[in-house]
Amino acid sequence: MSQATSQMRDFAERLIAYEARENKSSGTKPAAAFPVCEKLRPHLVTLMGNTGFRALLLRALARAEADVPSLRAMQVKADGSLAGLDKLEVQADSEELAKGSVVLVAQLLGLLVAFIGETLMLRIVCDVWPKLALNDLKFFKNDKT
Amino acid sequence: MKKQNGAAKRKVLKKSVSPPAKVVIRKIPTGVRGLDDILGGGIPEFSFNIIAGTPGCGKTTLAHQIIFANATAQKPALYFTVLGEPAIKMLRYQQQYSFFDESRLGKAIRFINLADVVLEQDLNAVFNEITKQVTAISPGFVVVDSFRTVVRKAMSLASEIEMQSFIQRLAQFLASWEATTFLVGEYVPEEVRDNPVFTIADGLFWLSQVVERNSVVRKLQIMKVRGQESVPGLHTIRITDGGLQAFSRTLGLVGKKINPVRRRRRLSVGIPELDKMMGGGILEGDSLLVAGPSGTGKSALATQFIAEGLRHGEPAIMAIFEERPKGYTERAVSFGLNLKTPQEKGKLEVLYLRPLDLSVDETMQEILDAIIRVGAKRLVIDSLVGFEMALAPNFRADFRESLYRMIGALTGAGVTILSTVEVEDTFTALSFSHYTISFLTDDIIRLRYVEIDGQLRKVMVVIKMRGGNHSKDIREYVITNKGVVVISPRSTDYSGLTTGIPQRTGPRQAQKEEAAPEPKAKK
């Protein structure tokens, strides 16, 4: 069962847009389409260690590849950071790149929900992005996609 | 005179110098029901503790329960996970317990994974990482889970003295930072002697699983707690949705102040003739045993005893092990006794206790809780045989010891107890029960069948009344729609009634033909 439900994708999209705005306002150029994963990394590494986070991201990437095959250009390094963005940018157009990042983030958050539940996943997101306004999100209710 | 003055001066001096004030060690509540009593009040603040045991005993759950009960944003808990269960899995499983409060995560409880440091670096790096985090956060509580994995990795590289030094430094540092620490680890009892961590620890919580036949029971032993008196021995623990619950083997009754009943009244058992036989009734705070074979009316007598108390405004508990509460209530109705209304009003609780693998201490605790809940003055245990059968096999050996403690404590507090026990009628002797029960009971009533004039009739006799004189008569009784009713004065026409097959000594009386069987209670 895919963890990237349509609601989770919407949430991932909002998170990516929010992070992009934050990056712009701080004057830094968005280095890649996946800064959300990178920002989550230290928080999750504190909880799970490098190995644990890497395993989770690998699983999310494998799931995301089923929806967006061009994501196969990406790799997860030993410390849990993502590599292969340059290659991906060459292979995929901007639309696919955007879709790929949404699906990957949705899969990662979906895995967190599966393991620790929606409340704790949102708590982690709030710790990382404390100013992000969270609407009443129910990722698994009324959503069977 | 001079000598006298000197002595007086010394006396004054002695009076004016008060002994130095002792340090007051605050005791931290564990959040685990029953455990504070076992520990002697709680966990000493700033102590360095080990939670040890084999896998599956509840070590991690215990650690979580303690920090969820105590950690605050001002005094947070740092939970270091190592190579055992990663934090994400802990969070997944621990959130199933009712004590888990996700709003505490982050500010009050922080999880930090030490696995990478342990795997890639040495003990110094582990120590530095812990000190870095502790210095930054100033936690009130620190947990390392599993500490055993830190040690196991290090032992292959470090010498024993280095290991001892690491543990010593860690203990000193964490105590200096005013943190109460728990090192969680999988250990076996043989390690206690040689492992330095056990020497350094202030407190040692040992969890285990005891297997006997098909039943498994979790046990807790406080092997060590510095500076306070804990309850020694193995205590039962159970893990439920609420987390751990501990059942002290002394049922939390040791050391508690009990207000003894000053002037003990005689209480009616609800059967006037029997009250007379008992010298006016059962003494308040006595333990009465009613022994007899199946069908002699032990439960009926117990119901009358409770109903009589309720009539006089005495709340009660009936702990039943053989019959369902519905049957009990219905039988009471057939005797004209209403048990339903007092139950609805909270004056009576009928506890039906028949789960498998029950520990004796858990059962006792349920009874004690109910007694406190309703403020019970009367308690029925029906029956001791059923009670024992409901226990897991490995608890049966402890049954009498625990029962003795409970009965002693409750009667001391003024609760009057009636227990029933089924005994076989041998028709050659008058046995009271297969238990050695004299130490459990102040009073004994024996019910039995006797064969008289071609009928199997019932007789009762008061065997023992510790608090006074009692009738020595053997009296015939029947069970009618009023319950147990004593019908006849003692018979002088027979001898050997206690054997069940008496010999006629007097002239044969004219017999009334009994058309119908003995009027029994309505079904």
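The values are calculated or read from the model by the stated rules, or taken from the named source; none is laboratory data. For clarity, every value in this text was computed on a predicted model and none was experimentally measured. Ideal geometry is used to build each Cβ from the backbone, glycine not excepted, and the neighbour counts take in all protein chains shown. We work out accessible area using only protein heavy atoms, side chains counted, and drop any ligands, DNA or RNA first. Shrake-Rupley method; radii C 1.70, N 1.55, O 1.52, S 1.80 Å.
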Which whole-number percentage describes the relative contact order of region B:291-393, with Cα contacts under 8 Å and a sequence gap of 6 or more? 39
For region B:129-138, what does the Karplus curve 6.51 cos²θ - 1.76 cosθ + 1.60, with θ = phi - 60°, yield as ³J(HN,Hα) per residue in whole Hz, taken in order and with x for Gly and Pro? 5, 5, 5, 4, 5, 5, 4, 6, 9, 6
Rounded to the nearest percent, how much of the accessible area of region A:6-128 (1.4 Å probe, protein heavy atoms only) is carbon and sulfur? 53
Computed over region A:6-128, protein heavy atoms only, probe 1.4 angstrom, the accessible area per residue in square angstrom equals 45
Looking at region A:113-131, which residues lose a minimum of 40 Å² of accessible area between their chain alone and all protein chains in place, measuring with a 1.4 Å probe and not counting ligands or nucleic acids? A:Phe115, A:Ile116, A:Leu120, A:Arg123
How compact and how long is region A:6-128, expressed as Rg and Dmax of its alpha-carbon atoms in Å? 13.5, 38
Expressed in µm² per second, the diffusion coefficient of chain B from the Stokes-Einstein equation, with Rh the Kirkwood radius over alpha carbon pairs, at 10 °C and 1.306 mPa s, is 58
Measure off, as a whole percent, the carbon and sulfur share of the 1.4 Å-probe accessible area of chain B, all protein chains present. 52
Unsatisfied cross-links (Cα-Cα over 23 Å) in the set B:Lys59/B:Lys132; B:Lys107/B:Lys132; B:Lys75/B:Lys224; B:Lys298/B:Lys340; A:Lys39/B:Lys59: B:Lys59/B:Lys132; B:Lys75/B:Lys224; A:Lys39/B:Lys59
On a 0 to 90° scale, report how tilted helix B:399-412 is relative to the longest principal axis of chain B, with both axes built from alpha carbons and the result rounded to the nearest 10. 80
To the nearest 0.05, the calculated FRET efficiency linking B:Glu344 and B:Ser98 through their beta-carbon distance, R0 being 45 Å, is 0.95
Expected integer from the mean partner chain Cβ neighbour count at 10 Å over A:48-56 is 5
With +1 at each Lys and Arg Cβ and -1 at each Asp and Glu Cβ, the charge dipole magnitude of region A:6-128 around its Cα centre, to the nearest 20 debye, comes out at 260
Shielding by partners, peptide B:89-99 (average Cβ within 10 angstrom, other chains): 2
With solvent modelled as a 1.4 Å probe, how much accessible area in total do chains A and B shield from it at their shared surface, in Å² to the nearest 100? 1300
So with the 1.4 Å probe, I'd like the accessible area per residue for chain B, rounded to whole Å². 48
